[in-house]
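The values are calculated or read from the model by the stated rules, or taken from the named source; none is laboratory data. A quick note: this is a predicted structure, and the numbers were derived from the prediction, not measured. Here the Cβ is made from the backbone with ideal geometry for all residues, glycine too, and neighbour counts use every protein chain on show. For the accessible areas, the whole protein counts, side chains as well, though only heavy atoms, and no ligand, DNA or RNA atoms are used. Shrake-Rupley method; radii C 1.70, N 1.55, O 1.52, S 1.80 Å.
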Amino acid sequence: MIERIEINLLPAAYRVHRKTIALKRSIVYPLLGLLVVGCCLIVYMLNMESQIGQLKSDIQRTDESIKKNKPIQKEIIKLKENKQVIQGKILALERINVDRAKWVRLMEILCQCLPDFTWLLSCNEKDSALVIEGKTYSFTEVANLMTRLSESKYIKSIDLSGIEEKDASKTFSFAVTCKLNSDIALASALSDSGAAVKPAAGEVR
């Protein structure tokens, strides 16, 4: 096969030269740097969008799981409320048992200290104090009651809250406040009751 060789015989002034673009290195390198940075930014943006899409998908699945398990959460809250109610009932029953022993003890002390011709009308506990209301035919019996109660180790202090004479029945209505001694348990042995105070013979209870 014969190759064709072309020879331009025209003078140099009439020859046509192909035009080429000459770029300096000071321009090419910055352009290449910008191109690389642009590519990196595009890749970073695509990666961020992918992560955002994944996170949105996770949030959606979490919301669906919450909606699915919402009845279980309500059931757990209901069970917790029932537990609190049951615990409250248990504490109330335990307190009734403890209070019963305490009030039995208090009644024993009051019966031992109650003078003749003196009757109790009410006995209430308020702010760690025992409020006793009663009536008697003699003013001095109120003082005797307070003296006997003050000698009991279960009573820390006692004060006369009020006394009033009833003209119609010729009796005295009185109220005394006893501060209980919290350092001594009221449910202690019966043998300790009234060691310092004993009821007088023939006392009316």
### Task
Just give me the residues in the stretch 86-125 being outside any helix (DSSP H, G or I) and within 30 Å of LYS170 (Cβ to Cβ), in sequence order.
LEU114, PRO115, ASP116, PHE117, THR118, TRP119, LEU120, LEU121, SER122, CYS123, ASN124
### Message
With the requirement that a residue be among the basic types (Lys, Arg) and either more than 17 Å from MET146 (Cα to Cα) or modelled with pLDDT under 75 (or both), what does the stretch 165-205 give you?
### Response
LYS166, LYS170, LYS198, ARG205
### Query
Among the numbered criteria (1) open to solvent by 60 Å² or more (accessible area, probe 1.4 Å); (2) among the small types (Gly, Ala, Ser); (3) farther than 23 Å from LYS156 by Cα, which single criterion is violated by SER128?
(3)
### Message
Out of the residues in the stretch 131-164 meeting the condition of being loosely packed, with under 15 Cβ neighbours inside 10 Å and assigned to a helix (DSSP H, G or I), tell me which one is modelled with the lowest pLDDT.
### Response
PHE139
